[in-house]
């Protein structure tokens, strides 16, 4: 009997530990954003992106009350890649930015030249750390 009580106690402790972790990223609200077209980023950010594009990177940039969230997936062997925004939301402790790299479809004709998929989104400035997922 005491083994069952101990086991149930351990499970409850484990589950309560998980809920603490979940509360840290509990969504308060989705953040509205605008995708920034290539070449339309602020000049200072554009230079940084150009330098970083060949390697994977994640960065934030703030200018004039706007927050820019940037992600690059490094060099890909062909053209046809894109990046999808899965979620962008605010929690009590951070901004969460979740993206996915999407490869070319089987039907798509691709150039056999390297490409550098990069995404820049602009949102309101919030003074919280950004978690890239």
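Taking other C-beta atoms within 10 Å as the exposure proxy, 98, 30, 127 rank 127, 30, 98 from fewest upward. Label-to-label distance, residue 35 versus residue 93, with points set 7 angstrom from Cα along the beta-carbon direction: 3.2 nm.
Stretching the chain fully between residue 55 and residue 109 yields a gain of 17.0 nm (0.36 nm per residue, less the alpha carbon separation). Among 132, 97, a tally of other beta-carbon atoms within 10 Å of each Cβ gives an order, fewest to most, of 132, 97. Taking the number of Cβ atoms within 10 Å of each Cβ as an exposure proxy, the fewest-first ranking of 130, 36 is 130, 36.
Rule-based calculations on the coordinates, nothing more; no lab input. Keep in mind it's a predicted model, so treat the numbers as computed, not measured. FYI the Cβ positions are ideal-geometry reconstructions off the backbone, even for glycines, and counts take in every protein chain you see.
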